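J.: Have a look at this one.
The values are calculated or read from the model by the stated rules, or taken from the named source; none is laboratory data. Treat the numbers as computed from the prediction; the structure is a model and nothing was measured. Heads up, the Cβs are rebuilt from the backbone with ideal geometry, glycines too, and the neighbour counts pull from every protein chain shown.
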Amino acid sequence: MEMTCKWLGLEPQRKEIPHDSRTKKLIDGLSEDPEDHPDAFISIIERHNARLKKAHLLHEATRDIIQQKWIEGTALEDIRKFLQSWAPEPYWNKPMPKGMIQALLNIAPNSQVWAPIDLLNCIFRNTEPTDSIDDLVRALENLGTHQEITRVILCRLICIIISFKPFNDIIMIVCKFLIGLCCLRSYST
């Protein structure tokens, strides 16, 4: 009991311990098995506290970036690639099973849309104390950039093809349509 009081910042000489339901659950859980010694829980609680502190710091550092990526229309596929690169060692950059991205984001199983709160909550739930804030911020800032580069290259390639080789009217219309789509998407993001 003395160790629990110390963890909770209470004075051990008090006869009655004021606590809310979470504190009561913690005390009950720690004293449930008489063979468990409270000292065994110290490292677990410290690790959990470190994880929560890091999760809070990551939330603060990534909130605006995630909101901006959502406004830009970052695809769920890019979010999947980000989460694959952030996965723990056995799963790092490995293909995800069908529906895993939706499960991680806690969205509907077949959904192809996401909201900033989905990704923020996913990061909060899966943060480890050893996660690098700089690495995570850098990875989030790069979300969708490969897609944007591909779009720009495609637009330029179509322009080059049109300028060097005469096409019939239908191919010219299709190329102009594709250029319009590429440019429209580039300006809207």
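J.: Looking at the structure I just gave you, is GLU89 farther than 18 Å from GLY144 by Cβ and modelled with pLDDT under 85?
T.: Answer is yes for this residue.
J.: Moving on to the next point. So which residues in the range 81-130 are charged (D, E, K, R), closer than 21 Å to LYS69 by Cα and in contact with a helix residue (DSSP H, G or I) (Cβ under 7 Å, 6 or more places away or on another chain), if there are any at all?
T.: Matches in the range 81-130: ASP118 only.
J.: Would you say THR127 is within 24 Å of the chain's Cα centre (by Cα) and modelled with pLDDT under 55?
T.: Here the answer is no, as THR127 does not meet what is asked.
J.: Listed residues ILE66, ILE71, ILE101; which is farther than 11 Å from LEU143 by Cβ, surrounded by 16 or more Cβ atoms within 10 Å (Cβ to Cβ) and of a type outside the set (Asp, Glu)?
T.: Only one candidate qualifies: ILE101.
J.: Looking at the structure I just gave you, is ILE66 under 25 Å from ASP131 (Cα atoms) and in the same structural domain as ALA115 (by TED's automatic domain parsing)?
T.: yes
J.: Tell me, please, whether a residue that is in a helix (DSSP H, G or I), of a type in the set (Lys, Arg), within 11 Å of the chain's Cα centre (by Cα) and surrounded by 11 or more Cβ atoms within 10 Å (Cβ to Cβ) can be found in the range 74-89.
T.: Scanning the range 74-89, I find at least one residue that is in a helix (DSSP H, G or I), of a type in the set (Lys, Arg), within 11 Å of the chain's Cα centre (by Cα) and surrounded by 11 or more Cβ atoms within 10 Å (Cβ to Cβ), so the answer is yes.
J.: Just a yes or no: is a residue in the range 115-127 loosely packed, with under 11 Cβ neighbours inside 10 Å and not basic (Lys, Arg)?
T.: Looking for residues that are loosely packed, with under 11 Cβ neighbours inside 10 Å and not basic (Lys, Arg), one finds none in the range 115-127, hence no.
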